[in-house]
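Notes for the one structure printed next.
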Amino acid sequence: NYSISVIGEVKNVGVYNPKRKITTIGIVALAGGFTKYASRSKVKIFRNENGEYKVIEINIEKILKKKDMSIDIILKSGDIVFVPTRAL
């Protein structure tokens, strides 16, 4: 069962079970998009690799500005996507 958790500054925090592989931007969209407080440039993916969490930082703002989806990351089952609050 392919499941991704999305936490932080998205409209609908939760665990999602997309039917096929999905990218970071895709899962944020599935979670209703960013809140107005989201830091789109410091999104983090926590990935469990052999019992240790690896942190991958992704700048979604840069991907969207450049319209370069090739640098988006395909998520693995069990990944946790964290959208932090931007500095106000």
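The values are calculated or read from the model by the stated rules, or taken from the named source; none is laboratory data. Worth saying up front: this structure is predicted, and the values here are computed from it rather than measured. Here the Cβ positions follow ideal geometry from the backbone for every residue, glycine too, while neighbour counts run over all protein chains shown. Accessible surface areas use protein heavy atoms only, side chains included; no ligands, DNA or RNA. Shrake-Rupley method; radii C 1.70, N 1.55, O 1.52, S 1.80 Å.
Amide H contacts of Ile73 (H built 1.01 Å from N, in plane; Pro and chain starts excluded): Thr24, Ile25 sit under 5 Å, all sequence-distant by 5 or more or on other chains. Estimated from the Cβ-Cβ distance and a Förster radius of 22 angstrom, the FRET efficiency linking Ile56 and Leu88 is about 0.30. With the helix formula -39500 (n - 2.57) applied to DSSP H stretches of n ≥ 4, the chain reaches a computed 222 nm mean residue ellipticity of -4000 deg cm²/dmol. In the chain, a dipole from Cβ-located charges (positive for Lys and Arg, negative for Asp and Glu) runs towards its positive end, and of Ala31, Gly51, Phe82 it is Ala31 whose Cα lies farthest in that direction. Rounded if a/c is under 1.5, else prolate if a/b beats b/c, else oblate: with a ≥ b ≥ c from the C-alpha gyration tensor eigenvalues square-rooted, which is the range 11-88? The shape class here is rounded.
A cut-off of 5 Å between modelled amide H atoms, ignoring neighbours fewer than 5 places along the same chain, links Val43 with Ile58, Ile60.
Roughly how big is the range 12-61's charge dipole about its Cα centre, with Cβ charges of +1 (Lys, Arg) and -1 (Asp, Glu), in debye to the nearest 20?
Values: 9 positive and 4 negative charges, 37 e Å.
Dipole magnitude for the range 12-61 comes out near 180 debye.
Per residue, the chain exposes 63 Å² of accessible surface when a 1.4 Å probe is rolled over the protein heavy atoms with every protein chain present.
Each Lys and Arg contributes +1 and each Asp and Glu -1, all at the Cβ; summed about the Cα centre of the chain, the dipole is approximately 300 debye. Exposure check, 1.4 Å probe, all protein chains in place: Phe46 carries approximately 60 Å² of accessible surface.
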